[in-house]
Amino acid sequence: DPSSFINIAIDKYIFLCRERGNSNTNINNSIMNIRAVLNFNSVMLPRWQPFDDDTKDWELLTKEDIIFVLNDCNLMHRALITFMLSTGMRIGDCLKFRIRDFMKATEDSHEFTDVNEFIDNAPDDMIGYWELEPKKTKRYGHIYYQSCNSAESSNLILQNLRRLKNEYFPSKSSRIHKELTFSKDDYLFASRNKLYKGELAVKSASEYYARKNKKLRAWRINQI
């Protein structure tokens, strides 16, 4: 019924979104979230036809663009970007990995069980084999995802872990009067704000890369 309270409220919400200049894609996502909450609470809703997708076409980065961004990133984010590029995994899944997951993924290339021995002595050019349950597509029945990360990304991950273990942790430990050491349960891509002992938030990573995007745009303009 177009005159029902819920439909009237949704129409008002859509009008407000239009006034704010929100895109069709943004409005569709918002309405889908509202409908999901109502459906969860057993509220029956009529069929709804989403607005046409007006997402702008993605612009593929050139090799030079990628090199510029990687050179402008710190070591951990270089490792994360290279890992995502080689595995095709979503950032939300990547940020959940622990060091033990990396040790297991590369177990064909080493025999280390101690985390510190692994960080210090793991060989270069390891290729990791990964199996996981993607959080976003699990509900659609796509349970297992299999992929490999490149030797380059493994090297960058190890370089970052070694930098933290041998430089950052000793320096920070003397300041906070508490010894920082690695355990297998530490996150593979961790947050500096949490002394690299806590998970890096997806939002934090997105904001970091948004700043890189602005730098990339400025670099392109200077080239022109």
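The values are calculated or read from the model by the stated rules, or taken from the named source; none is laboratory data. Since we're looking at a predicted model, the values are computed, not measured. Positions of Cβ are generated from backbone atoms using ideal geometry, with glycine treated the same way; all protein chains shown enter the neighbour counts. What goes into the accessible areas is simple: the full protein's heavy atoms, side chains included, and nothing from ligands, DNA or RNA. Shrake-Rupley method; radii C 1.70, N 1.55, O 1.52, S 1.80 Å.
Hey, any idea what % of the range 1-120's accessible area is carbon plus sulfur with a 1.4 Å probe? Before the final figure, lay out the partial values.
On the way: 4410 of 8160 Å².
C and S fraction of accessible area: 54 percent.
Which FRET efficiency value, to the nearest 0.05, do you get for T181 and L38 by plugging their Cβ-Cβ distance into 1/(1 + (r/R0)^6) with R0 = 35 Å?
Here the calculated transfer efficiency is 0.10.
Among the chymotrypsin sites (Phe, Trp or Tyr not before Pro) within the range 1-63, which fall in a DSSP loop and have no more than 16 other Cβ atoms within 10 Å of their own Cβ?
W48, F51, W58
In the chain, with Lys and Arg counted as +1 and Asp and Glu as -1 at Cβ, which of these residues, S153, N41, S86, has the Cα nearest the positive end of the dipole, that is, farthest along it?
Farthest along the dipole direction, towards plus: N41.
For the range 186-201, what does the Karplus curve 6.51 cos²θ - 1.76 cosθ + 1.60, with θ = phi - 60°, yield as ³J(HN,Hα) per residue in whole Hz, taken in order and with x for Gly and Pro?
5, 5, 5, 10, 10, 8, 5, 5, 10, 6, 6, 10, x, 5, 7, 6
With a probe of 1.4 Å, find how much accessible area the chain has per residue, and write the answer as a whole number in Å².
In whole numbers, the chain has 67 Å² accessible per residue.
Once label points are set 7 Å from the Cα along Cα→Cβ at both I8 and R220, what is their separation, rounded to one decimal in nm?
Each label point lies 7 Å from its Cα, and together they span 4.7 nm.
Go through [x] 18.5, 55; [y] 22.4, 69; [z] 34.3, 130 and flag the label whose value is the computed Rg and Dmax of the Cα atoms in Å for this structure.
Evaluating Rg and Dmax of the Cα atoms in Å on these atoms matches [y].
List the relative contact order of the chain as a percent without decimals, with contacts defined as Cα pairs under 8 Å and 6+ residues apart. Before the final figure, lay out each step's value.
On the way: 208 pairs, mean separation 42.9, N = 224.
That works out to 19 percent.
With angles folded into 0 to 90 degrees, how steeply does helix 151-163 sit against the dominant principal axis of the chain? Use alpha carbons for both and round to 10.
Around 70 degrees separate the two axes.
Test of understanding: what is the full-extension gain from A210 to W48, defined as 0.36 nm times their sequence separation minus their Cα-Cα distance?
55.0 nm
Grab the DSSP H runs of the chain that are 4 residues or longer, score each as -39,500 (n - 2.57), total them, divide by all residues and round the 222 nm result to the nearest 500 deg cm²/dmol.
Only helices count here, giving -16000 deg cm²/dmol.
Using a Cα distance threshold of under 19 Å, what count of lysine pairs results for the range 61-161 when pairs must be 8 or more residues apart or interchain?
Working: K96/K104; K96/K135; K96/K136; K96/K138.
Eligible lysine pairs with Cα atoms under 19 Å apart amount to 4.
Which of the aspartates and glutamates could be linked to K197 by a straight reach, that is with a Cα gap under 16 Å, when you skip same-chain ones fewer than 8 residues away?
Hits, sequence-local ones excluded: D101, E167, E179, D185, D186.
By how many degrees, 0 to 90 and rounded to 10, does the Cα axis of helix 63-72 deviate from the longest principal axis of the chain?
Rounded to the nearest ten degrees, it is 70.
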